[in-house]
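For reference, the structure discussed in these notes is given below.
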Amino acid sequence: MKNWRQPSILPGFGLTLGYTIFYLTVIILIPLAALIWRSAELGWQEFISIALDERTLRSLEVSFGSALIAAGINVVFGVVTAWVLVRYRFPGRRLLDAVIDLPFALPTAVAGISLAALYAPKGWIGQLFAPLGIKIAFTPAGIVVALIFVGLPFIVRTVQPVMEELDREVEEAAATLGASRFQTLLYVVLPALVPAILTGFALAFARAVGEYGSVIFIAGNIPYVSEIAPLLIVIRLEEFHYAGATSIASIMLLISFAMLLLINLLQMWSRRRYSNVR
């Protein structure tokens, strides 16, 4: 029988593997199994009825739609920010680099209150858009703003180390062969960053889908308009409708798993496609 374990000079494979499986089982698999089991108490007919309820569908659309939009915007601005931090030296660069991590440390409720105050019709930023008839806070647009705020560091911190490792000589070679700066960026730099960009997108999207604290203060929380799925779960819990809450959570879990699986497949394809581009 062929030995499936690779030989290693480091001891403790069995112990560390057992600890890993135990830890993942206790922290992840058992809670997820309990979630699905509690949802199964409803039966298929009631579960489908909750899944197809207009309020549930609308809240899922707001959550996943806003998360996709925010993650897509963060890809653009995150890559640009990482490029500035890696390729240029300027006064205040270290401070800017530190500010990127602020959403990691800032309590989500504080972020939500701050964003709501800034983008409210009488806020510093909101009052600039109010004369144009554009309302940001307490609308779905406010949700996207909050999700952009919490998701930007995931893109920057994923792309930044890969960008630092890019071989500058390849770019110089492209320039000597007559490539313009735009062509070098499009055909040399970006292909090497695609796997990291997809990883950052997946992380930002996953964080945005489950975000709660920074969203409820700026969303307005209007049913069928700006109500996110996590808030609807909380509402069902307050109504002591535990099976309904777990059903909505299970639906979010299934959709999130499917979308992350698709992103991971794209990552695998991009790694194979651009493995020699560096």
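The values are calculated or read from the model by the stated rules, or taken from the named source; none is laboratory data. Since the structure is predicted, the reported quantities are computational estimates derived from the model, not experimental observations. Please note: Cβ atoms are built from the backbone with ideal geometry, for glycine as well, and neighbour counts cover all protein chains shown. Side chains are part of the model used for accessible areas, which takes the heavy atoms of the whole protein and leaves out ligands, DNA and RNA. Shrake-Rupley method; radii C 1.70, N 1.55, O 1.52, S 1.80 Å.
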> Within segment 237-249, can you find the residues that are within 25 Å of Ala111 (Cα to Cα) and open to solvent by less than 50 Å² (accessible area, probe 1.4 Å)?
Replying inline: Ala249
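So is Pro191 open to solvent by less than 40 Å² (accessible area, probe 1.4 Å), touching a residue at least 40 places away in the same chain (Cβ under 8 Å), in a helix (DSSP H, G or I) and more than 30 Å from Glu46 (Cα to Cα) or not?
On the way: open to solvent by less than 40 Å² (accessible area, probe 1.4 Å): yes; touching a residue at least 40 places away in the same chain (Cβ under 8 Å): yes; in a helix (DSSP H, G or I): yes; more than 30 Å from Glu46 (Cα to Cα): yes.
In short, yes.
Please go through segment 1-28 and pick out each residue that is at pLDDT 80 or above, open to solvent by less than 100 Å² (accessible area, probe 1.4 Å) and of a type in the set (A, V, I, L, M, F, W, C).
Of everything in segment 1-28, those that are at pLDDT 80 or above, open to solvent by less than 100 Å² (accessible area, probe 1.4 Å) and of a type in the set (A, V, I, L, M, F, W, C) turn out to be Leu17, Ile21, Leu24, Val26, Ile27, Ile28.
Does at least one position in segment 49-58 carry a residue that is of a type outside the set (D, E, K, R), surrounded by fewer than 11 Cβ atoms within 10 Å (Cβ to Cβ) and not in a helix (DSSP H, G or I)?
Taking every residue of segment 49-58 in turn, at least one turns out to be of a type outside the set (D, E, K, R), surrounded by fewer than 11 Cβ atoms within 10 Å (Cβ to Cβ) and not in a helix (DSSP H, G or I).
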> For segment 163-188, what are the residues that are part of a helix (DSSP H, G or I), of a type in the set (A, V, I, L, M, F, W, C) and open to solvent by less than 30 Å² (accessible area, probe 1.4 Å)?
Replying inline: Met163, Ala174
> Among the residues of segment 198-227, which ones are open to solvent by 30 Å² or more (accessible area, probe 1.4 Å) and in a helix (DSSP H, G or I)?
Replying inline: Leu198, Thr199, Phe201, Leu203, Ala206, Arg207, Ile216, Phe217
> Mind checking which residues of segment 89-128 are over 23 Å from Gly78 (Cα atoms), assigned to a helix (DSSP H, G or I) and open to solvent by 70 Å² or more (accessible area, probe 1.4 Å)?
Replying inline: Ile113, Gln127, Leu128
>> I need the full set of residues from segment 129-162 which are more than 20 Å from Gly112 (Cβ to Cβ), open to solvent by 70 Å² or more (accessible area, probe 1.4 Å) and in contact (Cβ under 8 Å) with a residue 60 or more places away in the chain, in order please.
In response: none
> With Ala243, Ala219, Ala204, Ala249 as the choices, which residue is within 17 Å of Ala71 (Cβ to Cβ) and either touching a residue at least 12 places away in the same chain (Cβ under 8 Å) or touching a His at 6+ places or on another chain (Cβ under 7 Å) (or both)?
Replying inline: Ala204
